[in-house]
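Data block below; observations after.
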Amino acid sequence: MTLLQWRDDFRIGIAEVDHEHQLLIGLINEVHAALEADRSSERIEEFLGEIHSSISAHFALEEKDMRSRKYTEFSLHKADHERLLDDIRDIMDEYSVHGVLDDQALSNRLASWFGDHFKTYDARLHRFLLD
């Protein structure tokens, strides 16, 4: 089962950025596929940690670029990044306490966040960078 499908409404219209986002979603799906083979509690915790880590790394690079280019909406954009990372951390904490990972709920949360973030924050950022 694929955790997260690329959708046309994720596109921001800049080929390189859309490709980078597709790679990030692909990485999330690769990690999820490994989880399908081993649903031990240890592997689930690793999976959630890897998702958090890969998304954090993507955000760190994007934020470094925003700071170096003095992006005027940096604070708002970064706050939205933090919102997703907090959401993933909540899922990790919930798993630690209750021992249950709802793949569909995780998929829905990621898809909703990516859809909104890509179309708004990332689209504005990349238009700014192209000017």
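Computed quantities for the displayed model
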read-out	value
Filter result (under 17 Å from D102 (Cα atoms) and under 12 Å from the mean Cα position of the chain (by Cα)) within the range 35-66	L48, E50, I51, H52
Neighbours by Cβ (under 8 Å, 6+ apart or cross-chain): first from the range 34-53, of a type in the set (S, T, Y); second exposed (fewer than 13 other Cβ atoms within 10 Å of the Cβ)	S41/G99
Qualifying residue in the range 77-94 (condition: farther than 30 Å from D131 by Cβ, over 15 Å from the mean Cα position of the chain (by Cα) and surrounded by 12 or more Cβ atoms within 10 Å (Cβ to Cβ))	yes
Qualifying residues in the range 10-26 (those that are at pLDDT 85 or above and of a type in the set (A, V, I, L, M)) - the one surrounded by the most Cβ atoms within 10 Å (Cβ to Cβ)	I25
Residue count, the range 114-128 (criterion: within 11 Å of the chain's Cα centre (by Cα) and crowded, with 17+ Cβ neighbours inside 10 Å)	3
Residues (touching a helix residue (DSSP H, G or I) at 6+ places or on another chain (Cβ under 6 Å), more than 18 Å from I88 (Cβ to Cβ) and either free of Cβ contacts under 8 Å to residues at least 40 places away in the same chain or part of a helix (DSSP H, G or I) (or both)) located in the range 11-33	V17
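The values are calculated or read from the model by the stated rules, or taken from the named source; none is laboratory data. Because the structure is a prediction, the values reported are computed rather than measured. Ideal geometry is used to build each Cβ from the backbone, glycine not excepted, and the neighbour counts take in all protein chains shown.
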